[in-house]
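*Asks:* Let me begin by handing over the structure; questions about it come next.
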Amino acid sequence: MKESIDRRLENVRARIAEAAQRSQRNAAAVELIAVSKGQSPEALAEAMQADQLLFGESRVQEARTKAARLPGRTRWHLIGHLQSNKIRQALPLFERIHSVDSLALATELNRIAGELGLFPKVLLQVNVAAESSKHGFAPTALEDELEALLALDRLEIDGLMAIPPFTPDAEASRPFFVLLRNLRDRLATASGVPLSELSIGMSHDFEIAIEEGSTMVRVGTAIFGERGKKAWKPTAE
Ligand SMILES: *Cc1c(COP(=O)(O)O)cnc(C)c1O
């Protein structure tokens, strides 16, 4: 029998609380982002019934379509690569952008945020395993470019995000989470900017991420089930 979204959410919340307790952390310091890419607005409405109002989406247009269909209490985070021609649409919708992955994108975001009169909260995405398939700053590049990034006065840069290589073994993610946290500590010391947010942890490894200091877990499958081949698309309406 297929488990309901509210049961799955309850289960994920309990596991977050246990992981926080194990690592002497406050569970309230870990925000749960329900990653709803590929899920229908009806599935999101079900999650909202269970008090989940914060959703993570990879695509601007998909998020806009869903946001227009759902009541206004929802909050949206962008977790996928942002193309510069989508910035103007993205900025008013997303409370936070996790995926700022180059100085060029950050500079363009800063410029358009200025035009729109906004001060967006953003995270810097780090390519922790130097994978050619993934976006993000190389750790050394980020150390070199941090000063230029922090000089962008419209951006509220307050942390880092990473997506380690996928393996079913959650423990395999731990060294990458540690690498990200250590990088954060170095950058914070060098810049005097705390960078207190760490966006790490997905369905298969969020408990490990919490043990290593995650403040935002991005959980999709464990809440909504497999996205599969018939993923919802805005054009499929
Ligand atoms: C899809 C996605 C997630 C969620 O992955 P699950 O394995 O379904 O929990 C988290 N972060 C990013 C950046 C994603 O693209």
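The values are calculated or read from the model by the stated rules, or taken from the named source; none is laboratory data. Note that the structure is predicted; figures quoted are calculated from it, not measured. Here Cβ is always computed from backbone atoms with ideal geometry, including for glycine, and neighbour counts include all displayed protein chains.
*Asks:* What residue, among those in segment 71-90 that are free of Cβ contacts under 8 Å to residues at least 40 places away in the same chain and either touching a His at 6+ places or on another chain (Cβ under 6 Å) or under 19 Å from ARG218 (Cβ atoms) (or both), is surrounded by the fewest Cβ atoms within 10 Å (Cβ to Cβ)?
*Replies:* The first filter runs over segment 71-90 and keeps only residues free of Cβ contacts under 8 Å to residues at least 40 places away in the same chain, leaving 71-76, 78, 82-90.
Of the ones still in play, those that are also either touching a His at 6+ places or on another chain (Cβ under 6 Å) or under 19 Å from ARG218 (Cβ atoms) (or both) are 74-76, 78, 82, 90.
Numbers: THR74: 20, ARG75: 14, TRP76: 23, LEU78: 25, LEU82: 26, ALA90: 22.
Among those that are free of Cβ contacts under 8 Å to residues at least 40 places away in the same chain and either touching a His at 6+ places or on another chain (Cβ under 6 Å) or under 19 Å from ARG218 (Cβ atoms) (or both), it is ARG75.
*Asks:* Given GLY159, GLY225, GLY192, which one is of a type in the set (Gly, Ala, Ser) and within 26 Å of ASP6 (Cβ to Cβ)?
*Replies:* On the way: GLY159 fails: within 26 Å of ASP6 (Cβ to Cβ); GLY192 fails: within 26 Å of ASP6 (Cβ to Cβ).
It is GLY225.
*Asks:* List pairs: first in segment 114-125 and farther than 17 Å from VAL100 by Cα, second hydrophobic (A, V, I, L, M, F, W, C), Cβ under 7 Å, 6+ apart or cross-chain?
*Replies:* So the pair list comes out as LEU116/LEU91.
*Asks:* Kindly indicate which of ILE5, ILE16, ILE33 is out of contact with any Lys or Arg (no Cβ under 6 Å at 6 or more places or on another chain), within 29 Å of HIS135 (Cα to Cα), surrounded by 21 or more Cβ atoms within 10 Å (Cβ to Cβ) and touching a residue at least 60 places away in the same chain (Cβ under 8 Å). Lay out the reasoning, then the answer.
*Replies:* On the way: ILE5 fails: within 29 Å of HIS135 (Cα to Cα); ILE33 fails: out of contact with any Lys or Arg (no Cβ under 6 Å at 6 or more places or on another chain).
On inspection, the qualifying residue turns out to be ILE16.
*Asks:* Here's another thing I want to ask about it. Filter segment 185-211 down to the residues that are away from the ligand (no atom under 16 Å from the Cβ) and either basic (Lys, Arg) or outside any helix (DSSP H, G or I) (or both) and list them by number. Explain how you work it out, then say what you get.
*Replies:* Within segment 185-211, the first condition is being away from the ligand (no atom under 16 Å from the Cβ), and the residues that meet it are 185-196, 211.
Hits for segment 185-211 are ARG186, GLY192, VAL193, PRO194, LEU195, SER196.
*Asks:* Within segment 36-45, restricting attention to residues that are within 14 Å of the ligand (Cβ to nearest atom) and in a loop (DSSP other than H, G, I, E, B), which residue is surrounded by the most Cβ atoms within 10 Å (Cβ to Cβ)? Break it down stepwise before answering.
*Replies:* Initially, segment 36-45 is screened for residues within 14 Å of the ligand (Cβ to nearest atom), giving 36-39, 43.
Within this subset, residues satisfying the condition of being in a loop (DSSP other than H, G, I, E, B) are 36-39.
Numbers: SER36: 27, LYS37: 19, GLY38: 20, GLN39: 24.
Only one residue tops the list, namely SER36.
*Asks:* Then there is this: Quickly run through segment 151-169 and pick out the residues that are part of a loop (DSSP other than H, G, I, E, B), of a type outside the set (A, V, I, L, M, F, W, C) and within 15 Å of the chain's Cα centre (by Cα). Full working, then the answer.
*Replies:* Of segment 151-169, the ones part of a loop (DSSP other than H, G, I, E, B) are 151-155, 163-169.
Right, trim to of a type outside the set (A, V, I, L, M, F, W, C) and you get 153-154, 164-165, 167-169.
The one that is part of a loop (DSSP other than H, G, I, E, B), of a type outside the set (A, V, I, L, M, F, W, C) and within 15 Å of the chain's Cα centre (by Cα): PRO164.
*Asks:* For segment 156-170, indicate whether the set of residues that are of a type outside the set (Val, Ile, Thr), at pLDDT below 95 and either surrounded by 22 or more Cβ atoms within 10 Å (Cβ to Cβ) or closer than 22 Å to SER58 by Cβ (or both) is non-empty.
*Replies:* yes
*Asks:* Hey, could you check segment 212-237 for residues that are more than 14 Å from the ligand (Cβ to nearest atom) and assigned to a loop (DSSP other than H, G, I, E, B) and say which is nearest to HIS77 (Cα to Cα)? Explain how you work it out, then say what you get.
*Replies:* Filtering segment 212-237 down to residues more than 14 Å from the ligand (Cβ to nearest atom) leaves 212-213, 215, 229-230, 233-237.
Going one step further and asking which of them are assigned to a loop (DSSP other than H, G, I, E, B), we end up with 212-213, 215, 229-230, 233, 237.
Values: GLU212: 22, GLY213: 20, THR215: 14, LYS229: 24, LYS230: 23, LYS233: 18, GLU237: 23 Å.
The residue in question is THR215.
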